[in-house]
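Working notes, beginning with the structure itself.
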Amino acid sequence: MARPPTPFAEPVYVTRPMLPPLDEYAAELKYVWESAWLTNAGQRHALLEQRIGEYLRTPYVSLFNNGTTALLVACRALHLRGEVITTPFTFPATPHALTWTNSTPVFCDVDPTTLTLDPAAIEAAITPRTSGILGVHVFGAPCDVRAIQRIAERRDLKVIYDAAHAFGTELDGQPIARFGDATMFSFHATKLFHTAEGGALAIRDETLKREIDLLKNFGIKNEVEVVMPGINGKMNELQAALGLVTLRHIDRERRARGEIAAVYRARLASLPGVSCFAAPDHVRPSLQYFIARVNAAGAGISRDALWARLRAFNVFARRYFYPLCSEHDCYRSLPSASAAHLPVAYAASREVLALPFFGTLGQDGAHRVCDIIEHICLEERARASAPQVL
Ligand SMILES: *Cc1c(COP(=O)(O)O)cnc(C)c1O
């Protein structure tokens, strides 16, 4: 047996926030200090809103203090109520946004390759109480937006997309924010583009944009009129300033991640039972996560065993998304939450493993992670085939 690879000296996590040069942020903050305007639709906020609209090629953008508030406001603004069809294979903020706005999440199974909502399952889940569909472009792979659009038109449903993983995703050259009534982006520190905490809605309609801007600012129209019960969802100037600087470096980060993904793909292809999640050919990927799938029978090691053994090498991979949202205590009693109703999502949640994926990991770092995975898989297979000593 070959000598085991050297563990990383420091813990390596799945993401590491992209930190632009500090002096660039300081220069941007100077404007904020000079204006003495820290929040409430300031100059940095206005500029970032415009820049995000340009980057995402979408006409109407509304910035938020985080992605979850943005999702809550979208659910309110589009009057979702009753039942809303969504995926269990997501971060808990997705079904929580429905619960907080008094809708019941109805979990539907996902497509085995894209891991996004299966249109046939959506169709089968529609009842007279259904008011909308909340799809997730999970790992930046788009939902079947055209099929969902057809269903929504035929059944008169609203469509919201959680695009927290899909900043920069394009489908046949079309920006992802063009689909659905509203699309949420998260700018959390773990996301490729970030403002430490933050988020946005991309909206197709100008009237809806005006209502959303009111909703995120307590419903305040002017000094004497409050026109709806709004919330405080405003992005502040320090967040917006960070966003302006981060946005300048995003293409460089994307290139670095593209190179890392190429290393992972080439190296992991030779490991039996290990496959890599990839967006289809007509999709420009967001490069938010790099996801391997570990089939225990083929690989000779379960995903959980690999995940646990990687820790000994200081590699902290993550099991996104495990357990499914439908398995958590707050949702497991829903009729749509049973594992038997969600076999594809259930199987995926037992196989997916997010690997370290951030620009400063570099190709060398990716090779080291692959050396370690290869070593663990080989050792496990050797152990399994060794004669049993009685
Ligand atoms: C990060 C994330 C969110 C939440 O966004 P915040 O900005 O942290 O509130 C929602 N959905 C998905 C799929 C996410 O990954």
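What to note about this one:
- Per-region count, region 167-196, residues within 13 Å of the chain's Cα centre (by Cα), in a loop (DSSP other than H, G, I, E, B) and not polar (S, T, N, Q): 9
Per-residue answers, yes or no, for (1) under 27 Å from E170 (Cβ atoms); (2) under 19 Å from the mean Cα position of the chain (by Cα):
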residue: G273; (1), (2): no, no
residue: F277; (1), (2): yes, yes
residue: P280; (1), (2): yes, yes
residue: R293; (1), (2): yes, yes
residue: R303; (1), (2): no, no
residue: A317; (1), (2): no, yes
residue: L324; (1), (2): no, yes
residue: C330; (1), (2): no, no
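- Single residue of region 63-78 satisfying the filter (in contact with a Ser or Thr (Cβ under 7 Å, 6 or more places away or on another chain) and away from the ligand (no atom under 12 Å from the Cβ)) that is farthest from S338 (Cα to Cα): R76
- Count - residues of region 122-165 that are within 12 Å of the ligand (Cβ to nearest atom), β-branched (V, I, T) and in a helix (DSSP H, G or I): 1
- Among helices (runs of 4 or more DSSP H) entirely within region 279-390, having at least 1 residues that are at pLDDT below 95 singles out 296-299, 362-385.
- The strands (runs of 3 or more DSSP E) found entirely in region 1-109 that carry 1 or more residues being in contact (Cβ under 8 Å) with a residue 40 or more places away in the chain and closer than 26 Å to L242 by Cβ are 60-64.
- Looking across region 250-275, the residues that are surrounded by 16 or more Cβ atoms within 10 Å (Cβ to Cβ) and in a helix (DSSP H, G or I) come down to I250, E253, R254, A256, R257, I260, A261, V263, Y264, R267, L268.
- Some residue of region 180-189 being within 16 Å of the ligand (Cβ to nearest atom), within 30 Å of Y13 (Cβ to Cβ) and surrounded by fewer than 24 Cβ atoms within 10 Å (Cβ to Cβ): yes
The values are calculated or read from the model by the stated rules, or taken from the named source; none is laboratory data. Treat the numbers as computed from the prediction; the structure is a model and nothing was measured. Please note: Cβ atoms are built from the backbone with ideal geometry, for glycine as well, and neighbour counts cover all protein chains shown.
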